[in-house]
Amino acid sequence: MGLSIKNAEVFEKDGTFVKKDLFIRGERIVDALDADSLRNSEMECQIDASGLKAIPMLVDIHFHGCDGVDFCDGTETALSRIAAYELRQGIGAICPATMTYGEEKLTQIARMAAGYENRAGADFVGINMEGPFISPKKKGAQNEAYIHRPDAEMFLRLQREANGMFKLCDLAPEEPGAMETIQKLKGQVVVSLAHTCTDYETAKEAFTAGASHMTHLYNAMPGISHRMPGPIVAAWEAGADVELIADGIHIHPAVVRMTFQLFGDDHVILISDSMMAAGLPDGQYTLGGQDVTVIGNRAVLTQEPGTIAGSVTNLMDCLRRAVLSMGIPLGSAVRAAAVNPARCIGIDRDYGSLQPGCYANILLINDRLEIQHMVHKGKFTGQSPSF
């Protein structure tokens, strides 16, 4: 059945909004010429979206869990629950992250991912391998017992078990074997600098070798100094993509604004970095095998209360906060939460925009950025539209 959305302010990939109609046939958006038959079809459904903006469903490429489960539980039941929760929040595609574990545990997760059938919820499109190739000095909430030197062969073994589902591989470039690992993995996976003590020179060498991404920028890495510029400046010079957690806890709003201006809204990627407590009340939870205490919107390691342990938000809430509380233009925030992450992991032909050919994953939002209606692969989910 054909579907058309009329009179919405529609998001364009460059971050602008244009008042126009959207046409859907089956699961995908079609252009106006292809929609001629829909206009004359008695089966066409029309939705008047006057006063609303149409944006693509979001794409989260770095988070660990939600709704009481963690991706590293390594079960299809957990992943299905994650997918269901994420879709309810307006996230149409997910690339959850592993924690620092040994190869045996990571292999179990990889095999589960390879066999997972996405029957409902947000589409499972990949895995972000956040650990274990990190620095013990910047481990954050990662488990030091399982930290492993960067090892391309280990990653490739896991990639085979996952049937190619790993889309990002994080590492600390100063660790032994890192440069060789980057060179071997270049072109096969997005290599991201993460949980690192690296200086500017080493980070610059890593980007020259093939890294192109920074994991949760500013967190678990050296900051910027006028005499020791560090990895953040190296990433800016290299034109790298950089992740930001706009939850109001990890990064000050002024730094979020500065990052969008410095890197440009074509290189910033909003992430949630959520853990299993997202969507649930305060209490005791776990992350990567370690106890976590959640109070309000802050999650910390129970034994190290000064260490933040992921977030308890979701990507749609991060987008709202970035726009409504931090002063980021809506178009820039949508680019960072949909267009850029989809492009980064190579799924932008299907996800992240409202261009013809993409899946009809559409959010209709009001001026408060509240979701009024959702379309997921051409079908309404959540609230029903008024025809």
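The values are calculated or read from the model by the stated rules, or taken from the named source; none is laboratory data. Being a predicted model, the structure only gives us computed values, none of them experimental. FYI the Cβ positions are ideal-geometry reconstructions off the backbone, even for glycines, and counts take in every protein chain you see. Calculation scope for accessible area: heavy atoms of the full protein, side chains included, ligands and nucleic acids excluded. Shrake-Rupley method; radii C 1.70, N 1.55, O 1.52, S 1.80 Å.
The H on the amide N of Ile91, modeled in the peptide plane, is under 5 Å from the matching H of Leu58, each at least 5 residues off or on a different chain. Determine the distance separating the Cα centre of the range 136-215 from the Cα centre of the range 354-369; give it in Å without decimals. The range 136-215 and the range 354-369 have Cα centres spaced 34 Å from each other. Principal-axis analysis of the Cα atoms of the chain puts helix 103-115 at an angle of about 10° to the longest axis. Couplings for the range 173-190, taken from phi via the Karplus curve 6.51 cos²θ - 1.76 cosθ + 1.60 with θ = phi - 60°, read x, 7, 6, x, x, 5, 5, 5, 5, 4, 5, 6, 9, 3, x, 9, 7, 6 Hz in order; Gly and Pro are left as x. The relative contact order of the chain comes to 20 percent, based on Cα pairs under 8 Å that sit 6 or more residues apart. Annotation: per residue accessible area for the range 3-145 equals 38 Å², rounded to a whole number [probe 1.4 Å, protein chains only]. Each Cα pair under 8 Å and six or more residues apart adds its separation to the average, and for the range 1-147 the resulting relative contact order is 20 percent. Sorted largest first, the spans of the alpha carbon positions of the range 268-315 along the three principal axes are 32, 20, 18 Å. Calculate the length of the line joining the C-alpha centroid of the range 299-315 to that of the range 220-294, in whole Å. First find each Cα centre; the distance between them is then 13 Å. Estimated purely from DSSP H runs of n ≥ 4, each contributing -39500 (n - 2.57), the mean residue ellipticity at 222 nm for the chain is -7000 deg cm²/dmol once divided by its residues. Applying the criteria of a DSSP loop state and at most 16 other Cβ atoms within 10 Å to the GluC sites (Glu not before Pro) of the range 88-133 yields Glu117. Normalising the average separation of contacting C-alpha pairs (under 8 angstrom, six or more residues apart) by the number of residues puts the relative contact order of the range 248-365 at 24 percent.
Please calculate how many Å² of accessible area the range 224-351 carries per residue, with a 1.4 Å probe and no DNA, RNA or ligand atoms counted. Each residue of the range 224-351 exposes 39 Å² on average to a 1.4 Å probe. The trypsin sites (Lys or Arg not before Pro) of the range 191-258 that meet both conditions, a loop assignment by DSSP and at most 14 other Cβ atoms within 10 Å of the site Cβ, are Arg227. For the chain, the longest principal axis of the Cα atoms and the long axis of helix 200-209 meet at an angle of about 60 degrees. The angle between the Cα long axis of helix 76-88 and the longest principal axis of the Cα atoms of the chain comes to about 50 degrees, rounded to the nearest 10. Per-atom-type breakdown for the chain gives carbon and sulfur 48% of the accessible area (1.4 Å probe, protein chains only).
Taking every DSSP bridge with both residues inside the chain, close to 55 percent are antiparallel.
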